[in-house]
Amino acid sequence: MDQETFNKNYTMQSLHKAIKVLKAFTREEPRLSLTELNKKTGISISSLQRFVSTLVYEGFLHKDERTKQYQLGLSLMYLGRLVEEESSMVTAAEPILKALNEEIGESVSLNVVDGDERRCIYNLASKYPLAAKAYVGDTSPLYAGASAKVLLAFLPKEQFEQYMASVVFNPITENTLLSKEALEDSLEIIKQQGFAISYSERVKGAHSVAAPILTPTGHAIASVTIVVPDVRYKDFEEQHLISLVTNAARTIEEQLY
């Protein structure tokens, strides 16, 4: 089924727009006015007023009557906690990732595909003051960084082809891949070796090693990633990091399947 047929027959545009409003809020921009939401979403002011009023009523947004700005509401916090507590993925992965984080002292995360992006769903911070910061909810393009590319490499064929047909590259750092040919070559290597390594592709000065968590049919449902700042990367044997992250991914698979 092509994307146009799917959108026409199986989606609700009004719901898409409401979700777009919620996704407009970020850690950097936690409060937005109606005008700012209009600029970020492209939704008309008249439609936005109806969307935000409904979302406020249901508790998904909160409106500050003094500043006339909106922020995410407590209903999302409640649902987020349910997801974190009940998700079999996080439940299975948590003790394994905690052990990995304690062993190496570096940032460890669990990531999934969300549309055309990689989204972090669980993160354990580095024990060091100097670290590549990551937060639950963070997103990045699927073409940039080990945690994202290892997901892209093991996507189901139809989903992979749809992504590659529409991908638009933007230079995040000087090491970001900027062509389909370069990306495909990189993904082929990742598929052959079963893990991904990136050097400052998304965050300058950050090195990442990631492995996919695979279904029995060989498709990625998540990735496990270790992120190490450049200044400490030389303290590790790269092969040791690869072994740690791939072993963690395989152990999580055993818990799930």
Among the residues of the stretch 132-144, is there at least one that is at pLDDT 90 or above, open to solvent by 30 Å² or more (accessible area, probe 1.4 Å) and over 28 Å from PHE169 (Cβ atoms)?
no
Please work out which residue is farthest from LEU142 (Cα to Cα), limiting yourself to the stretch 210-247 and to residues that are β-branched (Val, Ile, Thr) and part of a helix (DSSP H, G or I).
VAL231
Please work out if GLU174 is outside any loop (DSSP other than H, G, I, E, B) and surrounded by fewer than 16 Cβ atoms within 10 Å (Cβ to Cβ).
no
Report yes if GLU201 is open to solvent by 80 Å² or more (accessible area, probe 1.4 Å), acidic (Asp, Glu) and either in the same structural domain as CYS120 (by the TED database) or touching a Cys at 6+ places or on another chain (Cβ under 9 Å) (or both), otherwise no.
no
Return a yes/no flag: does the stretch 103-120 have any residue that is at pLDDT 90 or above, closer than 12 Å to ALA248 by Cβ and open to solvent by 30 Å² or more (accessible area, probe 1.4 Å).
yes
If you take the residues of the stretch 145-171 that are β-branched (Val, Ile, Thr) and either in contact (Cβ under 8 Å) with a residue 40 or more places away in the chain or under 23 Å from ASN123 (Cα atoms) (or both), which of them is most open to solvent (accessible area, probe 1.4 Å)?
VAL167
One residue is enough: does the stretch 77-89 have a residue meeting the conditions open to solvent by 30 Å² or more (accessible area, probe 1.4 Å) and among the basic types (Lys, Arg)?
yes
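The values are calculated or read from the model by the stated rules, or taken from the named source; none is laboratory data. Not measured: the values here are computed from a predicted model. Reconstructed Cβ throughout: ideal geometry from the backbone, glycine too, with neighbour counts over all protein chains shown. The accessibility values were calculated without ligands, DNA or RNA, using every heavy atom of the protein model including side chains. Shrake-Rupley method; radii C 1.70, N 1.55, O 1.52, S 1.80 Å.
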